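Report on one structure; see the data block that follows.
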Amino acid sequence: MKQVARGPRHAEFSKLTSMKVGGRTRDLYEPESFEELRGLLTSLEEPFILGGGCNTVFPDGDFCRPVIRTKKLGKWELGENGRVYAEAGVGINTIIRKTVNAGLSGLEKLAGIPGTVGGGTAMNAGNGPEACFGKYIRKLHIISPGDGVVEIIEGSEVPWGYRNWNMPGSVVAAIELELEPGDRAELKREMEYYEERKLKTQPLSHASSGCMFKNPGEGPSAGKLIQDCNLKGLSRGGVEVSKLHANFIVNRGRSATSGDVRRLMKEVITQVREQTGYLLETEVVFARDLALA
């Protein structure tokens, strides 16, 4: 028997996303089980899938598309032989800490990455181009919106890309990891190193959506390009390019809007292209409503 998720409810996107901007939704659904998620995906028209909201910016005003927030899908299990099962709503850092404490290696290099397992899988989150989440995923439990078909696929079948899993027609419901044993003390030291490095180099005390732009395939990083164009501190409305890390746009807490973020993002793209020739591509997802999709 199909389970029906409770909802919908009204919600402000400023309370659902790490950038703390955007309008509101009247149709927020928060499934608490695999079957509830599947039921919503088969009954709602073009739902927007939201995980932890750490790399998503919603438009100002009313958002008409239904929103499915997977953060309450929080079951996880540590099995034998380095196997880990985690539903889409489990925090990435929760899994990192649990596996490090169990003496399992691999994820310690991803320490400090915000968000959930589902979002981290869909964007192939990572610290740099080499340490990416998808590398450690053995199997994915995915659902097709509309028909609700459930598949379990091998991680090796996914066409992983830089900050993208390249499977936009599917929704991550859960993943299975396969990790190797390691020295617990050494793993903990490495995890803490990456956490401390982020604290020193990224504006974690300000609301943001993380890195705004993907690094170019070759050449300087996006942050270096923006810094070299003297754009640190550039502001539009209530947001500005971080003075600590140029690839972050931060909310200054002065009635910032989604429109401010878009305007500043476009200005940075224009300035970098004119001054360096590089065309920056956004890493942050700007949610599109039905009328604009």
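The values are calculated or read from the model by the stated rules, or taken from the named source; none is laboratory data. Just so it is clear, the structure is predicted and the values come from calculations on it, not from any experiment. Cβ atoms come from the backbone with ideal geometry, glycine included; neighbour counts cover every protein chain shown.
The table for this structure:
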| item | result |
| --- | --- |
| Complete set of residues in segment 12-49 that are of a type in the set (Asp, Glu) and under 19 Å from the mean Cα position of the chain (by Cα) | GLU12, GLU30 |
| Within segment 29-56, tally of residues that are under 30 Å from CYS211 (Cα atoms) and among the small types (Gly, Ala, Ser) | 3 |
| Selection count where residues are surrounded by fewer than 21 Cβ atoms within 10 Å (Cβ to Cβ) and either over 19 Å from MET167 (Cα atoms) or acidic (Asp, Glu) (or both), scope segment 37-60 | 7 |
| Close pairs from segment 149-172: first not assigned by TED's automatic domain parsing to the domain that holds LEU37, partner among the charged types (D, E, K, R) and part of a loop (DSSP other than H, G, I, E, B), Cβ under 8 Å, at least 6 apart | TYR162/LYS214; ARG163/LYS214; ARG163/GLU283 |
| Test: residue in segment 200-208 that is surrounded by fewer than 14 Cβ atoms within 10 Å (Cβ to Cβ), in contact with a His (Cβ under 8 Å, 6 or more places away or on another chain) and not in a loop (DSSP other than H, G, I, E, B) | yes |
| Selected residue (only one of GLU80, GLU46 is free of Cβ contacts under 8 Å to residues at least 60 places away in the same chain, acidic (Asp, Glu) and not assigned by TED's automatic domain parsing to the domain that holds GLY237) | GLU80 |
| Candidate set: segment 158-194, residues that are charged (D, E, K, R) and at pLDDT below 95; chosen: the one farthest from LEU44 (Cα to Cα) | GLU178 |
| Output for segment 154-199, where each listed residue is farther than 17 Å from ASN93 by Cβ, among the aliphatic types (A, V, I, L, M) and in a helix (DSSP H, G or I) | ALA185 |
| Qualifying positions in segment 209-241 - outside any loop (DSSP other than H, G, I, E, B), touching a Leu at 6+ places or on another chain (Cβ under 9 Å) and surrounded by fewer than 18 Cβ atoms within 10 Å (Cβ to Cβ) | SER235 |
| Only listed residue being charged (D, E, K, R) and modelled with pLDDT under 95, chosen from ARG236, ARG288 | ARG288 |
| Residue within segment 274-290 that is free of Cβ contacts under 8 Å to residues at least 60 places away in the same chain, crowded, with 20+ Cβ neighbours inside 10 Å, closer than 28 Å to ALA131 by Cα and not assigned by TED's automatic domain parsing to the domain that holds GLY23 present | no |
| Search result, residues across segment 98-140 that are among the polar types (S, T, N, Q) and under 15 Å from the mean Cα position of the chain (by Cα) | THR116, THR121, ASN124, ASN127 |
| Positions within segment 116-127 being crowded, with 24+ Cβ neighbours inside 10 Å and of a type outside the set (S, T, N, Q), in sequence order | VAL117, GLY118, GLY119, GLY120, ALA122, MET123, ALA125 |
| Residue within segment 81-97 that is crowded, with 19+ Cβ neighbours inside 10 Å and more than 22 Å from the chain's Cα centre (by Cα) present | yes |
| Long-range neighbours under 6 Å by Cβ, at least six apart or interchain, first residue farther than 24 Å from LYS72 by Cβ within segment 92-106, second of a type in the set (Lys, Arg) and surrounded by fewer than 23 Cβ atoms within 10 Å (Cβ to Cβ) | VAL100/LYS188; GLY103/ARG184 |
| Conditions (1) surrounded by 14 or more Cβ atoms within 10 Å (Cβ to Cβ); (2) assigned to a loop (DSSP other than H, G, I, E, B); (3) assigned by TED's automatic domain parsing to the domain that holds ALA122: number failed by LEU244 | (3) |
